[in-house]
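Just so it is clear, none of the values below were taken in a lab; they were calculated from the coordinates. Everything numeric here is computed off the predicted structure, so don't read it as measured data. Methodologically, a virtual Cβ is constructed for each residue, glycine included, from the backbone with ideal geometry; neighbour enumeration extends over all protein chains shown.
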Amino acid sequence: MMTFTASLNSSRSGGPADQASVHAKPDERRDISAILHSCWASCRRLITEWKYRTQSRAEIAMLDEHELRDIRMTPSSAKEEARKPFWKE
């Protein structure tokens, strides 16, 4: 049985230039790293926002009419807000 590496080597001329083309260049690695870092930061911000919405809506659901009036919300609008899923604004 032929290994994956052996099959790759047999399909190429086998010179150093061919082997170097398989690996990412340092600039490409930095670009990929920056993209991954940006994606990770975006995911963290999104999850933080979702947690905030979940907590805020749970707190709104627990308020009585007097407290709702203080924040200028009606009971029906508070129920509507509390029922929204975390991913909706």
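Of the residues Thr54, Thr48, Thr74, only one is without any contact (Cβ under 8 Å) to a residue 40 or more places away in the chain, surrounded by 12 or more Cβ atoms within 10 Å (Cβ to Cβ) and not basic (Lys, Arg); which?
Values: Thr48 fails: surrounded by 12 or more Cβ atoms within 10 Å (Cβ to Cβ); Thr74 fails: surrounded by 12 or more Cβ atoms within 10 Å (Cβ to Cβ).
Answer to the selection: Thr54.
Ser33 - would you say it is surrounded by 10 or more Cβ atoms within 10 Å (Cβ to Cβ), out of contact with any Gly (no Cβ under 6 Å at 6 or more places or on another chain) and hydroxyl-bearing (Ser, Thr, Tyr)?
yes
I'd like to verify a number: residues in segment 57-71 that are surrounded by 12 or more Cβ atoms within 10 Å (Cβ to Cβ) and aliphatic (A, V, I, L, M), how many? Even if it seems obvious, please write down each step before you answer.
Within segment 57-71, the subset surrounded by 12 or more Cβ atoms within 10 Å (Cβ to Cβ) is 57, 60-61, 63, 67-69.
Checking the rest, the ones that are also aliphatic (A, V, I, L, M) come to 60-61, 63, 68.
Number satisfying all stated conditions: 4.
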